[in-house]
Amino acid sequence: MTKEEARRAARDRFPAIGSAARAEAEAAIARNVWLVPEIAAARTLLLYASLPDEVATDAIAREALRRGVTVTYPRCLPDTFDLALHHLRDLGELRDSGSYGIREPDPACPLLRVSDIDAALVPGLAWDRDGGRLGHGAGYYDRLFADPAWRGFRCGIFFASQELPRVPRDPWDAPLHAVVTEDGGVHGSRFTTD
């Protein structure tokens with residue numbers, strides 16, 4: 001299966017999640033992420049503002065802020081396909097005018113270094129039990145994780161229905177250390193990656 005075929009398969013599965021079931025699943029995921037020791041211990045957490053086919057993270061961000069965690073969001077730099085990492089004090093600092101229709105931090109928010117991030121909650125279209133993650137195809141996160149300064153824990157958050165038997169991978173794809181879903185489990189609390 002090619003990556004494009006896998007993306008189509010993942011997108012075909014997504015409409016099967018009804019709005020009530022989705023809200024319930026997202027609430028469970030928001031609780032389950034804190035069961036991952038590396039997430040619970042993180043002082044600086046990289047989150048994302050979700051697209052319609054990704055798990056929403058606002059509840060996770062609010063809980064992180066309540067816990068005193070430094071909350072960081074990426075801002076896409078389309079000219080280089082890099083991510084600028086910004087510290088947010090509250091979700092009101094996200095702007096609706098970001099790249100690709102994604103809410104992004106106001107550029108005036110303080111920048112953080114890649115090495116400052118303890119853990120990242122990573123979006124995607126599909127996942128597998130070997131740490132594979134299928135994104136939208138632009139490679140922003142793979143570039144971030146390839147940065148020699150990156151030392152953070154990589155945790156995908158997905159709906160259980162987004163699991164594929166095998167996610168196609170290229171040599172530059174950065175595998176996840178863990179995946180959290182709504183089903184109460186942390187899948188592969190640490191995949192073999194590094």
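Bear in mind these aren't lab numbers, they're just calculated from the coordinates by the rules spelled out. Computed from a predicted model, the values in this text were never measured in an experiment. Heads up, the Cβs are rebuilt from the backbone with ideal geometry, glycines too, and the neighbour counts pull from every protein chain shown.
If you rank Phe158, Phe153, Phe145, Phe81 by fewest surrounding Cβ atoms within 10 Å, what's the result?
Ascending Cβ contact count within 10 Å gives the list Phe81, Phe145, Phe153, Phe158.
Mean sequence separation of contacting Cα pairs (under 8 Å, at least six apart), scaled by the length of segment 1-151, corresponds to a relative contact order of 23 percent.
List the trypsin sites (Lys or Arg not before Pro) within segment 6-104 that fall in a DSSP loop (any state other than H, G, I, E or B) and whose Cβ has at most 15 other Cβ atoms within 10 Å.
Arg43, Arg67, Arg89
Using just the alpha carbons, could you tell me how many Å³ per residue the convex hull of the chain encloses?
Convex hull of Cα atoms, per residue: 116 Å³.
Close amide H contacts of Gly135 (hydrogens built in the peptide plane, cut-off under 5 Å, sequence separation of 5 or more or a different chain): Leu125. Using the Stokes-Einstein relation with a Kirkwood hydrodynamic radius computed over Cα pairs, the translational diffusion coefficient of segment 48-89 at 4 °C and a viscosity of 1.567 mPa s comes to 113 µm²/s. When the Cα gyration tensor is reduced to axis lengths a ≥ b ≥ c, the ratio a/c is 1.5 or higher for segment 9-66, and with a/b above b/c it is classed as prolate. Among Ile102, Ile39, the ranking by other beta carbons within 10 Å of each residue's beta carbon, starting with the fewest, stands as Ile102, Ile39. The Cα center of segment 1-60 and the Cα center of segment 86-147 differ in position by 13 Å. With a ≥ b ≥ c the root eigenvalues of the C-alpha gyration tensor of segment 99-154, is it rounded (a/c under 1.5), prolate (a/b larger than b/c) or oblate? Oblate shape, in that a/c is at least 1.5 and b/c is the bigger or equal ratio. Taking amide H positions as modeled 1.01 Å from N, with prolines and chain starts lacking one, the residues under 5 Å from Asp82 and 5 or more places away or on another chain are Leu77.
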